[in-house]
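Written out below as structure tokens is the structure these notes cover.
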């Protein structure tokens, strides 16, 4: 039976389509028209250039390749409800030039208009078989689209498929799978049509979401395109002995090409088979408990150097069982003794003397502590005495040979925690003079290099050590040596006389090295070189610094006489292996007391003000002097009718002493010069006058300036020891 209704390309359409395919261009289909056929159903002919009875023409609603036949193109037209009152017996497609390129007849259908009392929106589709769909431009004007139900359904499906959260799968793989046929995965027998998360393939590019089939498994419809499989994809797993009731996430980052990019999935939530009460647990990187144990020994908790069972016993068996005494801590009041005896001991009670604190001391609480080394009788004791807000400690190597009581800080001691660090810039936050030094002199604020051979002292990377700045020592040759220090101002040093002090810092090295720390005294106050007598070492410590970050400390008694008017802390290295890496130092603290307290990190604004008491500049804090830089608080002045000018500068912070001034041109940072009208000339006439602790004045003479000159000057003010 011959076809009655069909669509064909016109001669013009055939020629244009062939030309587009030959020239690798595209044919632009722009509009569709409908007509009444002149009163009867027409027969489409190749020679047609117009419809027999056209009564409506409009832009296409959709134009796409038939998903079930790649050789067919489907064009869609929507006639709105207000248009009509005619029969539809023919349709035609027009290109962007207005030529009829395809024509079709159709069973007669009356399209009413709203005014007739029956309004409907009518959708017409015309299907063309073409030799090359690539030669047709599938592009429409979005402003004329009327959404049909099918269009909306398709759009929703596309949008949902692109969401990261996917429809659940029946099971998830636990090993490499053959992606075909029905099979059992994770203990679940799968049926055709069930979804599977495949995540353990030997070729990770095969991982993804699949649907079980009797033959080769296809990828799931919501995860079979690049835009549907994106980083962060989440999929719940319904069943399975291992993976049931879990949520999995795609952890592959970056652009993904399905079938090429390796895909990695990780459990984001789900059971871990660790239900129960545990004293020691194992967690994964997401914080989920994935294992647990109940250790019965200290070693079971990973502690290798903690105390064992403890009891008060005789000297030969100090490590007797806890049964020898009550489990409660033993606390004693005033002067007295503690007695204990081991189970089954035959040598009688063991008495440990606790002497009185000393003359004139009020009553308090004394607590005794004991440690041991081995069964040969090595013993160590310590005791603590508290009275009011004062705390004292004492130690002994035998039960009766006690040291003198030493007062240590307590929370009740005034000034213990606030402003206890006597060092300025102990965390190396400020480097106003520059970031790298190979000679001697001041480097990081308040720190001075005393000697240097083949070592670079530089500012460290603030991104390491929890965002902390640091100081780095890097040897450049085998024969190397460096010493650097911070000297306290006399007002801080004098208050330490007769007291115990502690110097602490944190450090690490790329390879194991020796870093020596010192506490010095000098009879001369406010001298970076120690005055006529130089510096005397009070104490020093060779610190073994390695790749593991550690905190180190040394303690010294400051003499209560005129030999300790000056105090400083220092570091030195010597003959470090060249090429073995660097030593990094930070968190330097010098304080009263016999123990190192946590590092006092002051606000940066306060720390900078403390630094600027000794050194201030017009440049921004991170810009070294002598830099070609127009920012900061440089001097801006002008000469008007005369050819001379002056300027007054007030410091941000009152200086320790009247400082030494240095000048730099704004242009190029040339030392001793002034930038005038964009060019560098000789600097201010003579020295600054009216120089004091709070500011200074400058003067430029007529030999340097002209009338109406613009003057710019950078400066530094050095009031260091």
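Residue ranges 285-294, 529-538, 512-521 sort as 512-521, 529-538, 285-294 when ordered by packing (mean number of other C-beta atoms within 10 Å per residue, highest first).
Taking other Cβ within 10 Å of each residue's Cβ, how do 720, 266 sort, fewest first? Intermediate results must be reported in sequence, preceding the final value.
Numbers: 720 17, 266 13.
If I rank by nearby Cβ atoms, fewest first, I get 266, 720.
Please work out the Cα center distance from the stretch 250-266 to the stretch 491-521, rounded to the nearest Å. Between the Cα centre of the stretch 250-266 and that of the stretch 491-521, the gap is 53 Å.
Using the per-residue mean of other Cβ atoms lying within 10 Å as a proxy for protection, in what order, highest first, do the peptides 210-217, 590-597, 663-670 fall?
Values: 210-217: 15.4, 590-597: 18.2, 663-670: 20.2.
The densest-packed peptide leads the list: 663-670, 590-597, 210-217.
Taking label positions 7 Å along the Cα-Cβ direction at both residue 5 and residue 255, the computed distance is 4.6 nm, reported to one decimal.
Between residue 269 and residue 550, the simple spin-label model (points 7 angstrom out along Cα→Cβ) gives 4.5 nm. Relative to a virtual label point 7 Å from the Cα of residue 125 in the Cα→beta-carbon direction, which members of the stretch 93-109 show backbone nitrogen distances below 20 Å? From the stretch 93-109, the list is 93-94, 102-109. Averaging Cα coordinates gives a centre for the stretch 207-240 and one for the stretch 547-620; these two points are 60 Å apart. The calculated FRET efficiency for residue 74 paired with residue 47, based on their beta-carbon distance and R0 = 22 Å, is about 0.30.
D by Stokes-Einstein for the stretch 228-283, Kirkwood Rh over Cα pairs, 25 °C, 0.890 mPa s: 185 µm²/s. Quick check on the stretch 1-51: take the gyration tensor over C-alpha atoms, sort the square-rooted eigenvalues as a ≥ b ≥ c, and tell me if it's rounded (a/c under 1.5), prolate or oblate. Note, shape of the stretch 1-51 comes out prolate. Legend: calculated FRET efficiency, residue 114 to residue 57, from the Cβ-Cβ distance at R0 = 22 Å, rounded to 0.05, equals 0.65. Between residue 679 and residue 516, the C-beta separation translates, for a Förster distance of 45 Å, into a calculated FRET efficiency of about 0.30.
Counting 0.36 nm for each residue step from residue 213 to residue 638 and taking away their Cα separation leaves a gain of 144.3 nm.
Spacing of the modelled spin labels on residue 557 and residue 24, each 7 Å from Cα toward Cβ, amounts to 9.4 nm.
Every number here is computed from the coordinates shown, using simple stated rules; none is lab data. Here the structure is a predicted model, which means the values were calculated and not measured. Cβ coordinates were reconstructed from backbone atoms using ideal geometry, including for glycine residues, and neighbour counts include every protein chain displayed.
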